[in-house]
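Colleague: One structure is given below, represented as structure tokens, and several questions about it will come after.
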Amino acid sequence: MKLQQLRYIWEVARHDLNVSATAQSLYTSQPGISKQIRLLEDELGVEVFARSGKHLTRVTPAGEAILEVSGQILQKVESIKQVAQEFSDEKKGSLDIATTHTQARYALPPAITRFIGQYPDVSLHMHQGTPMQISEMAADGTVDFAIATEALSHFSDLIMMPCYRWNRSVVVPRDHPLTQRSKLTLQDIAEFPIVTYVFGFTGRSKLDDAFRREGLDPKVVFTAVDSDVIKTYVRLGLGVGIVATMAYDAQQDDDLVALDCSHLFESSTTRIGFRKGTFLRGYMYDFIELFAPHLDRDRVAQVQACGNRAEIDELFTDLELPTY
């Protein structure tokens, strides 16, 4: 059994059983991958993948178990590399972050600017996607950190830590009737077409829950994953926008008005997550603290020592998170 063979089956599974795409991503040949998978299966005496002719069709039950262990082994190998790099040059390396547009555009720039200033020789890579895609990338080791509001809780092999709380604002043109209301109600908002986030994105579930509790069925006419796109369509008169408060820039959005509606919706919590067992290099601890100052190295180490999510949540019970 070779480490290369475990990597091949892992990558084939990640590429939806597409051996050709896997070969391209690994800069190797398709026949070479197929041969090594067959050799591994022959040695183990079971099939990892079921086949129809030359095509892989699904992962077998034995393959599911083998892939799970293979992923753990490959993670340990990566941790060994990280340990070696930390001792050979603690200020060089790479950092991959997966997050949503709102986090990348509005929450992360200050932390990233300071991080690059401290670690100019660390290559920083930003991956954007849906919360589910972000969580999957962290869970399978594609990225070091996932930063999101939704979906992280669906992955039991992720360690998650709260960073900050945030709420929403209604954004409208300056001459919109809602600007004349002294204090918005859900009924006020529901009178107009709504432009907001796609379901499953950026705390959208909290918004839907609030309207449902009041027995209201708002007319959501347009959804997007990008706060700037939402504001663009508000400017076009498509409806009133509901966005994260941090996504309103008083200077760049001076043609719009942000109306506070934090009293209408439950606040959401943005978290940073990474895979259990990950070896965090020094600059990784520093990045976490730059983004969320209460998550210093000692507190992160305490989190890593916890046995389950209940213990992690207990660490933050009395902590007052910053609110945006």
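The values are calculated or read from the model by the stated rules, or taken from the named source; none is laboratory data. Note that the structure is a prediction, hence the values are computed from the model and not measured. Positions of Cβ are generated from backbone atoms using ideal geometry, with glycine treated the same way; all protein chains shown enter the neighbour counts. We work out accessible area using only protein heavy atoms, side chains counted, and drop any ligands, DNA or RNA first. Shrake-Rupley method; radii C 1.70, N 1.55, O 1.52, S 1.80 Å.
Colleague: Within segment 307-319, identify whether any single residue is within 21 Å of the chain's Cα centre (by Cα) and open to solvent by less than 60 Å² (accessible area, probe 1.4 Å), and answer yes or no.
Modeller: Yes, segment 307-319 contains a residue that is within 21 Å of the chain's Cα centre (by Cα) and open to solvent by less than 60 Å² (accessible area, probe 1.4 Å).
Colleague: Take the residues of segment 230-240 that are of a type in the set (Val, Ile, Thr) and either closer than 20 Å to Trp166 by Cα or free of Cβ contacts under 8 Å to residues at least 12 places away in the same chain (or both): which is most open to solvent (accessible area, probe 1.4 Å)? Spell out the reasoning first.
Modeller: Restricting attention to segment 230-240, the residues satisfying the condition of being of a type in the set (Val, Ile, Thr) are 230, 232, 234, 240.
Going one step further and asking which of them are either closer than 20 Å to Trp166 by Cα or free of Cβ contacts under 8 Å to residues at least 12 places away in the same chain (or both), we end up with 230, 232, 240.
On the way: Ile230: 0, Thr232: 64, Val240: 0 Å².
The extreme case among them is Thr232.
Colleague: Given (1) over 26 Å from the mean Cα position of the chain (by Cα); (2) under 30 Å from Phe291 (Cβ atoms); (3) acidic (Asp, Glu), identify the lone condition not met by Glu78.
Modeller: Against the list (1) over 26 Å from the mean Cα position of the chain (by Cα); (2) under 30 Å from Phe291 (Cβ atoms); (3) acidic (Asp, Glu), Glu78 comes up short only on (1).
Colleague: When you look at Val243, is it open to solvent by 50 Å² or more (accessible area, probe 1.4 Å) and closer than 14 Å to Thr100 by Cβ, yes or no?
Modeller: Here the answer is no, as Val243 does not meet what is asked.
Colleague: Given the condition at pLDDT below 90, more than 30 Å from Ile80 (Cβ to Cβ), among the β-branched types (Val, Ile, Thr) and under 22 Å from the mean Cα position of the chain (by Cα), answer yes or no: does some residue in segment 264-278 qualify?
Modeller: no
Colleague: Determine the pairs where a residue that is closer than 16 Å to Ala107 by Cα, located within segment 279-293, has a partner that is open to solvent by less than 20 Å² (accessible area, probe 1.4 Å) and outside any helix (DSSP H, G or I) with Cβ atoms under 6 Å apart, the partner being 6 or more residues away or on another chain.
Modeller: Ile288/Leu295; Glu289/Leu295; Ala292/Cys163
Colleague: Do we find a residue being surrounded by fewer than 18 Cβ atoms within 10 Å (Cβ to Cβ) and either among the aliphatic types (A, V, I, L, M) or part of a strand (DSSP E or B) (or both) anywhere in segment 270-289? Walk me through how you get there before you give the answer.
Modeller: We begin by selecting, within segment 270-289, every residue surrounded by fewer than 18 Cβ atoms within 10 Å (Cβ to Cβ); these are 276-277, 279, 282, 285, 289.
Imposing the further condition that a residue be either among the aliphatic types (A, V, I, L, M) or part of a strand (DSSP E or B) (or both) reduces the set to none.
The answer is no; no qualifying residue exists.
Colleague: Shifting gears a bit: Return the residues of segment 202-229 that are without any contact (Cβ under 8 Å) to a residue 40 or more places away in the chain and crowded, with 18+ Cβ neighbours inside 10 Å; say none if nothing qualifies.
Modeller: Phe211, Pro218, Val220, Ala224
Colleague: Select, from Gln118, Gln103, Gln128, the only residue that is polar (S, T, N, Q), open to solvent by 40 Å² or more (accessible area, probe 1.4 Å) and under 20 Å from Asp228 (Cβ atoms).
Modeller: Gln128
Colleague: Another question, then. Residue under question is Arg168, and the condition is that it be charged (D, E, K, R) and open to solvent by 40 Å² or more (accessible area, probe 1.4 Å); does it hold? Talk me through it step by step, then tell me what you get.
Modeller: Working: charged (D, E, K, R): yes; open to solvent by 40 Å² or more (accessible area, probe 1.4 Å): no.
For Arg168, the condition - charged (D, E, K, R) and open to solvent by 40 Å² or more (accessible area, probe 1.4 Å) - is not met.
Colleague: Take Ala301 and tell me if it is farther than 30 Å from Leu186 by Cβ and either open to solvent by 30 Å² or more (accessible area, probe 1.4 Å) or hydroxyl-bearing (Ser, Thr, Tyr) (or both).
Modeller: So Ala301 passes the test.
Colleague: So which residues in segment 190-201 are open to solvent by less than 30 Å² (accessible area, probe 1.4 Å) and at pLDDT 90 or above?
Modeller: Listed by number, the residues that qualify are Ala190, Ile194, Val195, Thr196.
Colleague: A further question follows. Quick check on my filter: what residues within segment 295-314 are under 23 Å from Tyr283 (Cα atoms) and not basic (Lys, Arg)?
Modeller: Correct list: Leu295, Asp296, Asp298, Val300, Ala301, Gln302, Val303, Gln304, Ala305, Cys306, Ile312.
Colleague: In addition: I'd like to know if segment 255-267 contains one or more residues that are among the hydroxyl-bearing types (Ser, Thr, Tyr), part of a helix (DSSP H, G or I) and surrounded by 14 or more Cβ atoms within 10 Å (Cβ to Cβ).
Modeller: Scanning segment 255-267 turns up no residue that is among the hydroxyl-bearing types (Ser, Thr, Tyr), part of a helix (DSSP H, G or I) and surrounded by 14 or more Cβ atoms within 10 Å (Cβ to Cβ).
Colleague: Being under 19 Å from Thr179 (Cβ atoms) and in a strand (DSSP E or B) is the filter here; which residues of segment 217-254 pass it?
Modeller: Val240, Gly241, Ile242, Val243
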